[in-house]
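Trainee: My questions all concern the structure below.
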Amino acid sequence: MGKLPTKGLDWHDTLRTLLNNLRKVPNHLEHGIVGSMTTFPHPLAQLAYILFHTFNANDIILYREIRKLELDAVSMMGEILGCENCTGMITTGGSEANIAALFVAREHGYTKVYVARTAHDSIFKAARMLRLEVVELKYDEQYRIDPNDFESKCTEKGPGLVVAALGTTGTGSVDRVVELNKIAEHCNSVIHVDAAFGGFVIPFLDSGLGEVFRYSRVVSATMDPHKLGLAPIPAGGLIVRDEKWFKPLCFETRYMPAGYQLGLLGTRSAGPIAATWAMLMYMGREGYHKQALVLAERTRFVVDLAKDSGFRIEGEALAPVVCIGTERDSEALDYLWKKGLYVYRCGIAKGIR
Ligand code: 0PR
């Protein structure tokens, strides 16, 4: 139990104690954290973070330069996803972005969420918090939403928000937004794309699956710099089609100079904004393209190795997540963790990833 010292420690002792803790923490550089979606952040991003983290990005009058950086970053991320005039905000991560996206949709009148179990748990968390009606969709053997099921359910139940994933957490599968878009047009629905993980990869591979804002019914997307964007935690992104869609996230805050704040939080650190902006500028299209090719190659390597060793792969592994199917997932997890190889359960399928 922590006990507040009566007389504070000196710097030295405080740091020594902290470093003792740090030594016990597995880290991305020395240990086999292979199942985690966060990365070791780029040193430039860490520097940008340190320089800016003391400022409150939610004071958009005092720190209007920071809001400009944020809008630049959001616009660049929108461009990656095929959007020309997108707006939005940097969040603390994918969960906050997903919760905000479902809230925005609700404020625009979409109170039903069409979603498959393949979606990230934060979508279900959001639906529960916002008391939205969840309509569960079937998924195919590749763990992608079954468009026919969406069609029949939205024809019967009416308009809603369908949540598609550009890289599911469990199997790295990619929902086919092109097909969902056609159906969404018919039944007056809109689409939120959870590209938290795949957003910095799929658009850079020549798969034609990444530029999701080219489809008319896509209104928002989650895309996380603290995953494959190489920014430090906590950095997520919510990209929305236009100002009008974003409006519900401007909350009246009477004491602030602007009279409002953006998003679910109050005070927001500018660190993640600066780090995200810096990474986008530094990496550029070419940098992320190169990273995507390396990741695709490594993914292929793991897939082939697992298959050659007699395992089946669950799902598509299009985003760099490889779910190796096994009924003995708990045993495998236990064994590998003991060896210092930190894998996770696939969740949606029996296996480890
Ligand atoms: N959407 C998708 C598709 C995700 O995969 C995740 C997180 C989120 C949203 C939520 O993002 P935040 O965690 O930023 O709120 N996916 C990882 C997962 O659940 C998160 C993770 C990260 C897990 C590091 C373990 C870990 O060590 O697998």
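The values are calculated or read from the model by the stated rules, or taken from the named source; none is laboratory data. The model shown is predicted, which means the values in this text are computed figures rather than measured ones. Using ideal geometry, Cβ is built from the backbone for each residue, glycine included, and neighbour counts are taken over all protein chains shown. Calculation scope for accessible area: heavy atoms of the full protein, side chains included, ligands and nucleic acids excluded. Shrake-Rupley method; radii C 1.70, N 1.55, O 1.52, S 1.80 Å.
Trainee: Mind listing whichever residues of region 147-171 are open to solvent by 40 Å² or more (accessible area, probe 1.4 Å) and either within 13 Å of the ligand (Cβ to nearest atom) or of a type outside the set (Gly, Ala, Ser) (or both)?
Mentor: Asn148, Glu151, Lys153, Thr155, Glu156, Lys157, Pro159
Trainee: What number of residues within region 25-56 satisfy the criterion of being without any contact (Cβ under 8 Å) to a residue 60 or more places away in the chain and within 16 Å of the ligand (Cβ to nearest atom)?
Mentor: 6
Trainee: Among what's in region 15-56 and is of a type in the set (Gly, Ala, Ser) and closer than 17 Å to Gly229 by Cβ, pick the residue that is most open to solvent (accessible area, probe 1.4 Å).
Mentor: Filtering region 15-56 for residues that are of a type in the set (Gly, Ala, Ser) and closer than 17 Å to Gly229 by Cβ, the one most open to solvent (accessible area, probe 1.4 Å) comes out as Ser36.
Trainee: So, Arg67, is that one among the basic types (Lys, Arg), part of a helix (DSSP H, G or I) and within 16 Å of the ligand (Cβ to nearest atom) or not?
Mentor: It is false that Arg67 is among the basic types (Lys, Arg), part of a helix (DSSP H, G or I) and within 16 Å of the ligand (Cβ to nearest atom).
Trainee: Continuing with this model, one more query. If I filter region 96-114 down to residues being among the hydroxyl-bearing types (Ser, Thr, Tyr) and crowded, with 21+ Cβ neighbours inside 10 Å, which single residue comes out as nearest to the ligand (Cβ to nearest atom)?
Mentor: Within region 96-114, the match that is nearest to the ligand (Cβ to nearest atom) is Tyr114.
Trainee: Going by the structure shown, is Asp59 more than 16 Å from the ligand (Cβ to nearest atom) and assigned to a helix (DSSP H, G or I)?
Mentor: When the stated conditions are applied, Asp59 does not pass them.
Trainee: If you check every pair at least six apart or on different chains, which have Cβ atoms under 7 Å apart with a residue in region 191-214 that is surrounded by fewer than 24 Cβ atoms within 10 Å (Cβ to Cβ) first and a residue that is β-branched (Val, Ile, Thr) and not in a loop (DSSP other than H, G, I, E, B) second?
Mentor: Pairs found: Leu209/Val174; Leu209/Ile202.
Trainee: When the residues of region 172-201 are narrowed to those that are closer than 16 Å to Leu137 by Cβ and of a type in the set (Asp, Glu), which ends up nearest to the ligand (Cβ to nearest atom)?
Mentor: Asp194
Trainee: Is it fair to say Gly340 is open to solvent by less than 100 Å² (accessible area, probe 1.4 Å) and more than 27 Å from the chain's Cα centre (by Cα)?
Mentor: For Gly340, the condition - open to solvent by less than 100 Å² (accessible area, probe 1.4 Å) and more than 27 Å from the chain's Cα centre (by Cα) - is not met.
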